[in-house]
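Take a look at the structure below.
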Amino acid sequence: MKSTLKIALTGTLILLLSFQASAQTSKYKCMLQMSNYAGEGAYIVVSLINPKGDYDKTLYVMGDDKKWYKTLKQWHKFYSKRPTDISATTGASVTGGDRSVTTLEIEDAKINKGYKLRFETAVEDNKYYTNDIEIPLTTEGIADKTEGKGYIRYVRLSRI
């Protein structure tokens, strides 16, 4: 009886600790406005970049045909080393002048800790932008409208 009670208490303690250790996340509406460019739809990857400048996690991919992922050269190097199922975070590519609204889920512990959101873009037979937009993952950075350098005109985030 005592050993059964010990096992039950140990299991409960482990369960409680695992709930506490799980990361708290917040959802952000991401409104992306494309610039007016000529060409095919842009493939866009939104990545979480750690304080060292390395890829930490893929948050969203706009473009669902995997054969074009290699055109997102820097992200594809990361993705091919640690392939994960990104089907839940994949949507259609976005063409020139269009607007896209998606939801990003970001761990609260990453805010104000040196992380960034990187928007990487590629368009078939056109220039590739490793860093079309980089948004500091700070309270202020998330609140600002951020202008793009390539195919993205701007991005605006708002907490849901």
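The values are calculated or read from the model by the stated rules, or taken from the named source; none is laboratory data. Everything quoted here is computed from the prediction, not taken from an experiment. Positions of Cβ are generated from backbone atoms using ideal geometry, with glycine treated the same way; all protein chains shown enter the neighbour counts.
Some notes on this structure:
- Annotation: of all residues in the range 125-141 being crowded, with 16+ Cβ neighbours inside 10 Å and acidic (Asp, Glu), the one that is nearest to Asp54 (Cα to Cα) is Glu134.
- Of the criteria (1) closer than 20 Å to Arg153 by Cβ; (2) in contact with a helix residue (DSSP H, G or I) (Cβ under 8 Å, 6 or more places away or on another chain); (3) of a type in the set (A, V, I, L, M), which one Ala42 fails: (2)
- Of the residues examined, Thr121 is not one that is within 17 Å of Tyr69 (Cα to Cα) and in contact with a helix residue (DSSP H, G or I) (Cβ under 6 Å, 6 or more places away or on another chain).
- Exactly one residue out of Asp54, Asp144, Asp65 is at pLDDT 95 or above and either surrounded by fewer than 17 Cβ atoms within 10 Å (Cβ to Cβ) or closer than 23 Å to Lys27 by Cα (or both): that is Asp54.
- Residue that is nearest to the chain's Cα centre (by Cα), among those in the range 38-51 that are surrounded by 17 or more Cβ atoms within 10 Å (Cβ to Cβ) and closer than 11 Å to Tyr151 by Cα: Ile44
- Complete set of residues in the range 81-124 that are surrounded by 12 or more Cβ atoms within 10 Å (Cβ to Cβ), under 16 Å from Ile49 (Cα atoms) and among the hydrophobic types (A, V, I, L, M, F, W, C): Leu104, Ile106, Ile111, Leu117, Phe119
- The number of residues in the range 75-92 being part of a helix (DSSP H, G or I) and within 26 Å of Lys29 (Cβ to Cβ) comes to 6.
- Subset of the range 58-115 (residues that are touching a residue at least 60 places away in the same chain (Cβ under 8 Å), over 20 Å from Arg153 (Cβ atoms) and acidic (Asp, Glu)): Glu105, Glu107, Asp108
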